[in-house]
1. Using only C-alpha positions, report the orientation-averaged shadow area of the convex hull of segment A:286-368, nm², one decimal.
2. Among DSSP bridges having both ends in segment A:17-340, what percentage is antiparallel? Round to the nearest 5.
3. Give me the distance in nm between label points sitting 7 Å out from Cα along the Cα-to-Cβ direction at B:Asp185 and A:Glu11, one decimal.
4. For the residues A:Phe332, B:Phe282, what sequence is obtained by ranking on other C-beta atoms within 10 Å, fewest first?
5. Go through B:Asn173, B:Ala135, B:Ile162 and say which Cα lies farthest out towards the positive end of the charge dipole of segment B:129-178; charges sit on Cβ, +1 for Lys and Arg, -1 for Asp and Glu.
6. Using the number of other C-beta atoms within 10 angstrom as an exposure proxy, rank B:Arg291, B:Arg116 with the fewest first.
7. Positive end of the dipole of chain B, charges at C-beta (+1 Lys, Arg; -1 Asp, Glu), about the Cα centre: which of B:Val145, B:Val54, B:Val40 has its Cα farthest in that direction?
8. Using the structure shown, list the pairs from B:Lys19/B:Lys280; A:Lys135/B:Lys303; B:Lys39/B:Lys218; B:Lys218/B:Lys303; A:Lys124/B:Lys159 with a Cα-Cα distance above 32 Å, or answer none.
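FYI, it's all coordinate maths here, none of it is from the lab. On a predicted model such as this, the values are computed, not experimentally measured, just so you know. Cβ sites come from the backbone with ideal geometry, for glycine too, and all protein chains shown count toward neighbours.
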Amino acid sequence: MAKPAVLTHPESLKRPAGPSEYAKDPVNAALTKAEKIALYTKMARIRHFEQRCIRIYQQGKIGGFLHLYVGQEAVAAGTISLLGKHDHLITGYRDHGHGLMVGMGMNECMAELTGRVTGCSQGKGGSMHYFAPDKNYWGGHGIVGGQAPLGTGLAYAVKYMGQKGSCLVYMGDGAVNQGAVHEAYNLASLWDLPVIFVVENNGYSMGTSQERSTAHPGCLAKRAEGYNMAWDVINGHDVYEVRAKTAIALKRAHEESKPTVLEIFTYRYFGHSMADPDKTYRDKEEIKEYREKKDPVLAFEQELLREKVLTPELSLKINEEAMAEADKAAIFADESPDPTVADITKHIYWEEDNRGPKTTSRGTIIFE
Amino acid sequence: MAVISYREALRAAMREELKRDDKVVIMGEEVAQFNGAYKVTEGLLKEFGPKRIVDTPISEAGFIGLGIGASMLGIRPVMELMFWSFSYVAFDQIVNNAGNIRYMSGGLINCPIVIRGPGNGGTNVGATHSHTPEAILASHPGIKVVCPATPYDAKGLLKAAIRDNDPVYVMENTILYNDKGEVPDEDYIVPLGVADVKRVGTDLTIVAHGRAVITSLKAAEILEQEHGVSVEVVDLRSIRPLDEETILASVRKTHRALLVEENKPFCGVDAQVAYLIQSKAFDELDAPIHRVSSIDAPQIYCKRMEDQQLPDVNRVVREALKVLA
Ligand SMILES: Cc1ncc(C[n+]2csc(CCOP(=O)(O)OP(=O)(O)O)c2C)c(N)n1
Ligand SMILES: [Mg+2]
């Protein structure tokens, strides 16, 4: 495979981790102490929620696939912390972090994983299919790349309705090779849609390293040039940098109704899903290196300690509370009831669930 | 005879065909270095090298279309789909290109491609990952579809599929991958279009395919033990071509038919089988034909409910007793 001559990676990634050079960026400088603490708290909550999930999965209470977000928290946290009333988002199956960031409760999220009727999708969607449209969160999609056209459509609708808004479309580094993604890129640029494609580049698609999956001109984001779109690369271990650079793309969406591709370099600590033994395709040393030197939650904690926004005591309290919240959610998920057999055939058609004067069809629609 | 798993049987089929014909190429996501998402292709990269065993990006429309094109020039690609659910992003290639090219060229071009992978529910992965598209695909003339239920059939059908000169889509089942069974050591194929009577009986014919065969065999045992009924189980093995004669011969013997499949009922495989029986053996029937299929809804995530949604042994027994009443 032809290798690009120059890799276009974020400058800050090339330097050893230290104080964020984006702390003074206007969007970060504008944060109050309380807002910074809230942002840190949200990141800690994602971390503890996911770690609690591992135990529940190991107890056999969660089945199927469970894709964890541990290590990638700053991506969802940084980007989503900037969103306003008319900004929407949509992602793939690694969707818990985004859910918690938009304000979904740990209870409904955990109960969905154990298939309970109290889950966010009433036990019908599962880990890969979280939804909270009331919070502008349109899922949670299991088919790689399938969300890209949908998110482009959400942006189209925002523009159509004359709102100053956008849609953030998250996907992985493997997803960029789905045809649907390329068709969405073209539409977004051709029609000037306020969409931001966020490529969460964690280095691997399942057991395939990014180098083995994708031909590109230096980085994945740069493919945007072929569609005449703006792009940027971001160090995803620094939540301040994520915010600073995403803010520029958001401004472009809001003010010029133009799309952007952002590639955010990040890392996942666990296997692709809990079913992946994670023993063959990457080095244990590599994982250790990221965990110890680039951890986004720890880095932000350090940042806030330096800024004297956090104290060690407050940080401890935040983490303990997040753990306790996750423990409670686990109990809630355990004690909640299952959907019933009758529930299986509900929510298939609006029509079936809303029989009345507004229904426009007749005949059998659910078959024996 | 060796006792091997369904997974090993599939692997053995590919190994033997890779050895027999140097035009055979295995392609798919994670099939080579990762040894297969479900380890079906484990060890093949080591044995045959990267020219024959090829990892692809997550570009189903691209790599499957590429396989179809390569097959037109004589390569014999065996493409793995991690799930048949993912075939939907490659539907144009799978249906429009592979299914029509021979016809539209007036027979000038062949398309000897095999696409294989699991197409089943029951694994708690929700609606986007649980499709059983055998009926949808078999409804397109130009396409062949098989659904093995045992290690013996998995190996024999896959080998036949690889040697076949038309597009053959092999639908496996992740729940069956660890099932074990006897498989001959010597070379054999199971020809496409030949059903198999998996259990001989006299009072009722159950027609099934895929994992529904296993469920039906268990139900037949209970019907025998607890109700004194002798049930014949016909495993279709192949959906298109369809072995009409074996189905009809069984119905002519038992005079009663129950059709079991894991598809949703509307336009399922068994809708076609029911039509076949009533059109060619109507006078033989002593009772209306009954069907057991999945509850008609997208696949529910909740495992306890998904187990209810799929045909289970109890439901098959209950429905069988209705046909026998
Ligand atoms: C169309 C399709 N093909 C294959 C899969 C199986 N699959 C799920 S996730 C995945 C890897 C995706 O990797 P990436 O885009 O990098 O995202 P990450 O998992 O790293 O977040 C694959 C192959 C799928 N869900 N959909
Ligand atoms: Mg990835």
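1. So the mean shadow area of the Cα hull is 12.3 nm².
2. If we restrict to bridges inside segment A:17-340, about 10 percent are antiparallel.
3. The two pseudo-label positions are separated by 6.9 nm.
4. The order, fewest Cβ neighbours first, is B:Phe282, A:Phe332.
5. B:Ile162
6. By the 10 Å Cβ count, ascending: B:Arg291, B:Arg116.
7. Result: B:Val54.
8. Too far apart for the 32 Å limit: B:Lys19/B:Lys280; A:Lys124/B:Lys159.
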